[in-house]
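**Student:** Before anything else, here's the structure in question.
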Ligand code: NDP
């Protein structure tokens, strides 16, 4: 993560650069301040009570029932997204066969099961984002896969590793309790199950719980409403590839302009009679440049190419140096620019401050390009201006799209910029911003997912470990783990989450490394006849201290950013530093896990 640069006299000539770094820094600060609000994360509503129907599964037939299970399995994996599937696959490779997936949705896929909105697409290159490509023997059709292809790949993984066998779909875990007498976890679900498992992998997903904006009057709206992660094709018509013919006589309002909205707005604009896009903070929209897979390139791939490509990308986007850039897209382009400046200036012994300044200038340059792109692609100068992001590139998830900005040239599409404030009110018939009420038939919430809330709230169940201690209690003052994965007092339980682990833009890469690690530990337990494996208190304490210490470095940068889920809605200081990812970067984290396995002594874990 880049460092923030405060009040540094620029060594660069504004005329040469074409912009004044001081003025830009001040503009960024002013734009951030416009968006800051005292309620931070509390501005969002939990999706329950009168809003609970917004998270019903629209993709299954109603009325599913089955007999409750009161049996025992070797490993229960909670969540059947890429995390659960990778855990299942790596455990299968390690010789474990008795694996049960438990999943709230009606099938595997996780994020890609739920997010079927029109235009849903992977924003990381598919050749590195889709896991287990060599194992499954699949090459994606395009550089950036659309959602149906990714969902089909999730299913292919489940087929290949027999993970459909015994899987429990449409099933939510309601409680999980360690039974000392049998050294097993007892897992209860909303289907009346009470099953036992020796090991549990919790692959609940980091962005699994939709969140609602706490806008006054939102409960009074009488028109149709849905969240983008539960797209209502009965209402809109069509499918994820478009043809939304149900909207041709409808006035649509969409709240949110993050990565999801950027992908579905072009489809809404194409079909809706009228589309209002309510914006609080614009996203940065760089070139997408999707293209079909080159068969010649595929023919030349050598075994091991997939891991190599994932590592190459991850090295570059983590600020590391690699001889070549295999992915060569907007993600690596940003980093290439930053590194080029540093390398070209022939100053090998740069101080961290000097490096920080150069990175900031490279970031300004990149964002100037992004802002110029809005001018190029949007006809109306006022709308183009409103679509320009004024913050550093990695303050928010960067977006890449070739049709989003031109959508605002359509006569039926209007950008309603709220200047960082969000919409004022929702009425029975529309949305109010300032003095204007925009009448709509349908309100689409592209407002994202809970990030800063408690782990157990997002999981939907608490975990009761040794001595009746609840995970929510143990983590009340911040997360406590070894490697983000094991908790003292919570034996035989693996957590798959980016917190206290290696954050990367290519999330399946982390899940793959965690799965390999989990499979190694489970296999070692089987080979050595260990019934129980658990982090020692000392190892856990040491890891928490490491996480907190390294996190302090990122804090200054996050404070300079516009609010969002990356910086705890503008209050990075109020998020417990313990809940951060490993600050040494994901590549260092993966190397650390690999070295730990190579040592072969389960350092920091106690076994029985
Ligand atoms: P985000 O959290 O990124 O965006 C939510 C949007 O809702 C923001 O624009 C936010 O504005 C806006 N918002 C919230 N409350 C209000 C309000 N009261 N008034 C007006 N606007 C409001 O959610 P997304 O679903 O877009 O994306 C979530 C994440 O999912 C991404 O960051 C990315 O990691 C992932 N994703 C990945 C994709 C992929 O291809 N791999 C595709 C899509 C998503 P503000 O910015 O001001 O907070």
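**Student:** crowded, with 24+ Cβ neighbours inside 10 Å, within 28 Å of residue 366 (Cβ to Cβ) and modelled with pLDDT of 95 or more: does that describe residue 279?
**Tutor:** Details: crowded, with 24+ Cβ neighbours inside 10 Å: no; within 28 Å of residue 366 (Cβ to Cβ): yes; modelled with pLDDT of 95 or more: yes.
Criteria not met by residue 279.
**Student:** While we're on this one: Need the failing condition index for residue 510 against (1) farther than 17 Å from residue 459 by Cβ; (2) assigned to a strand (DSSP E or B), just the number.
**Tutor:** It is condition (2) that residue 510 fails.
**Student:** Okay, moving on. Looking at the stretch 300-311, I want the residues that are under 18 Å from residue 331 (Cβ atoms) and assigned by TED's automatic domain parsing to the domain that holds residue 126 and have a partner that is at pLDDT below 95 and part of a helix (DSSP H, G or I) with Cβ atoms under 6 Å, at least 6 apart or on another chain. Which pairs are those?
**Tutor:** Every condition considered, no pair remains.
**Student:** For the stretch 437-488, name all the residues that are within 16 Å of the ligand (Cβ to nearest atom) and not in a loop (DSSP other than H, G, I, E, B). Reasoning before the result, please.
**Tutor:** If we filter the stretch 437-488 for residues that are within 16 Å of the ligand (Cβ to nearest atom), which is where we start, we get 437-438, 440, 443-453, 458.
Of everything in the stretch 437-488, those that are within 16 Å of the ligand (Cβ to nearest atom) and not in a loop (DSSP other than H, G, I, E, B) turn out to be 437, 438, 443, 444, 445, 449, 458.
**Student:** Just checking, how many residues over the stretch 513-539 are closer than 15 Å to residue 75 by Cβ and part of a loop (DSSP other than H, G, I, E, B)?
**Tutor:** Going through the stretch 513-539 one residue at a time, the tally reaches 3.
**Student:** Being buried (at least 17 other Cβ atoms within 10 Å of the Cβ), modelled with pLDDT under 95 and more than 30 Å from residue 69 (Cα to Cα) narrows it down to one residue among 244, 212; which is it?
**Tutor:** Details: 244 fails: modelled with pLDDT under 95.
Checking each option against the conditions leaves just 212.
**Student:** Would you pick out the residues in the stretch 472-487 that are touching a helix residue (DSSP H, G or I) at 6+ places or on another chain (Cβ under 6 Å) and more than 18 Å from residue 596 (Cα to Cα)?
**Tutor:** As a first pass, look at the stretch 472-487 and keep what is touching a helix residue (DSSP H, G or I) at 6+ places or on another chain (Cβ under 6 Å): 472, 478-480, 482.
Passing the criteria: 472, 478, 479, 480.
**Student:** If you don't mind, another one. Filter the stretch 373-408 for residues that are out of contact with any helix residue (DSSP H, G or I) (no Cβ under 8 Å at 6 or more places or on another chain) and assigned to a loop (DSSP other than H, G, I, E, B); which is farthest from residue 24 (Cα to Cα)?
**Tutor:** Here the residue is 402.
**Student:** Please indicate, with yes or no, whether at least one residue in the stretch 34-56 is over 30 Å from residue 570 (Cβ atoms), part of a loop (DSSP other than H, G, I, E, B) and at pLDDT below 95. Lay out the reasoning, then the answer.
**Tutor:** Keep residues of the stretch 34-56 that are over 30 Å from residue 570 (Cβ atoms), which gives 53, 56.
In the following step, the residues that additionally are part of a loop (DSSP other than H, G, I, E, B) were identified as 56.
Applying the additional criterion that residues be at pLDDT below 95 yields 56.
Yes, there is a match, as at least one residue in the stretch 34-56 is over 30 Å from residue 570 (Cβ atoms), part of a loop (DSSP other than H, G, I, E, B) and at pLDDT below 95.
**Student:** So how many residues does the stretch 552-581 have that are within 21 Å of residue 475 (Cβ to Cβ), modelled with pLDDT of 85 or more and more than 16 Å from the ligand (Cβ to nearest atom)?
**Tutor:** 3
**Student:** Now for a separate question. Just the residues that are buried (at least 17 other Cβ atoms within 10 Å of the Cβ) and farther than 15 Å from residue 452 by Cβ, please, taken from the stretch 556-570. Even if it seems obvious, please write down each step before you answer.
**Tutor:** Step one: filter the stretch 556-570 for residues buried (at least 17 other Cβ atoms within 10 Å of the Cβ), giving 557-558, 560-570.
Selection gives 557, 560, 562.
**Student:** Which of (1) surrounded by fewer than 16 Cβ atoms within 10 Å (Cβ to Cβ); (2) under 23 Å from residue 40 (Cα atoms) does residue 416 not meet, given it meets every other one?
**Tutor:** (1)
**Student:** Exactly one of (1) within 11 Å of the ligand (Cβ to nearest atom); (2) touching a strand residue (DSSP E or B) at 6+ places or on another chain (Cβ under 6 Å); (3) at pLDDT 95 or above is unmet by residue 267. Its number?
**Tutor:** Among (1) within 11 Å of the ligand (Cβ to nearest atom); (2) touching a strand residue (DSSP E or B) at 6+ places or on another chain (Cβ under 6 Å); (3) at pLDDT 95 or above, residue 267 violates only (1).
**Student:** Keeping to the stretch 413-432, report how many residues are within 12 Å of the ligand (Cβ to nearest atom), within 25 Å of residue 118 (Cβ to Cβ) and part of a strand (DSSP E or B). Steps first, answer last, please.
**Tutor:** Here is the first cut: in the stretch 413-432, the ones within 12 Å of the ligand (Cβ to nearest atom) are 416-426, 431-432.
Restricting the remaining residues to those that are within 25 Å of residue 118 (Cβ to Cβ) gives 416-418, 422-423, 426, 431.
When the remaining residues are screened for being part of a strand (DSSP E or B), the result is 416-417, 426, 431.
Within the stretch 413-432, residues that are within 12 Å of the ligand (Cβ to nearest atom), within 25 Å of residue 118 (Cβ to Cβ) and part of a strand (DSSP E or B) number 4.
**Student:** From the set of residues in the stretch 222-241 that are in a loop (DSSP other than H, G, I, E, B) and within 14 Å of the ligand (Cβ to nearest atom), which is surrounded by the fewest Cβ atoms within 10 Å (Cβ to Cβ)?
**Tutor:** Taking the stretch 222-241 as the starting set, the residues that turn out to be in a loop (DSSP other than H, G, I, E, B) are 222-223, 231-232, 237-238, 240-241.
Next, from what is left, pick out any that are within 14 Å of the ligand (Cβ to nearest atom): 231, 240.
Working: 231: 24, 240: 21.
Filtering first and then ranking leaves 240.
**Student:** Among the candidates 50, 31, 67, 93, which residue alone is under 25 Å from residue 280 (Cβ atoms) and surrounded by fewer than 16 Cβ atoms within 10 Å (Cβ to Cβ)? Before you say what the answer is, go through the steps one by one.
**Tutor:** On the way: 31 fails: surrounded by fewer than 16 Cβ atoms within 10 Å (Cβ to Cβ); 67 fails: under 25 Å from residue 280 (Cβ atoms); 93 fails: under 25 Å from residue 280 (Cβ atoms).
Matching residue, one of 50, 31, 67, 93: 50.
**Student:** Within the stretch 242-264, how many residues are more than 9 Å from the ligand (Cβ to nearest atom) and either more than 22 Å from the chain's Cα centre (by Cα) or in a loop (DSSP other than H, G, I, E, B) (or both)?
**Tutor:** 12
**Student:** I'd like the full set of residues that are more than 15 Å from the ligand (Cβ to nearest atom) and in a strand (DSSP E or B), limited to the stretch 278-293.
**Tutor:** Passing the criteria: only 292.
**Student:** Then there is this: In the stretch 127-149, what count of residues is obtained for those that are without any contact (Cβ under 8 Å) to a residue 40 or more places away in the chain and either surrounded by fewer than 23 Cβ atoms within 10 Å (Cβ to Cβ) or more than 17 Å from residue 329 (Cα to Cα) (or both)?
**Tutor:** Within the stretch 127-149, the first condition is being without any contact (Cβ under 8 Å) to a residue 40 or more places away in the chain, and the residues that meet it are 136-138, 145, 149.
Filter once more, keeping what is either surrounded by fewer than 23 Cβ atoms within 10 Å (Cβ to Cβ) or more than 17 Å from residue 329 (Cα to Cα) (or both): 136-138, 149.
Residues that pass the stated criteria total 4.
**Student:** Also, quick follow-up: With the requirement that a residue be within 16 Å of the ligand (Cβ to nearest atom) and assigned to a loop (DSSP other than H, G, I, E, B), what does the stretch 172-221 give you? Steps first, answer last, please.
**Tutor:** Narrowing the stretch 172-221 to residues within 16 Å of the ligand (Cβ to nearest atom): 204-221.
Passing the criteria: 204, 205, 206, 207, 208, 209, 211, 214, 215, 216, 217, 221.
**Student:** Six or more apart or on different chains, Cβ under 9 Å: which pairs go from a residue in the stretch 5-32 that's at positive phi and in a helix (DSSP H, G or I) to one that's surrounded by fewer than 14 Cβ atoms within 10 Å (Cβ to Cβ) and modelled with pLDDT under 90? Could you list them?
**Tutor:** none
The values are calculated or read from the model by the stated rules, or taken from the named source; none is laboratory data. Predicted model, so just to flag it, every value in this text is computed and none were measured. As a convention, Cβ positions derive from the backbone with ideal geometry for all residues, glycine included, and neighbour counts pool all protein chains shown.
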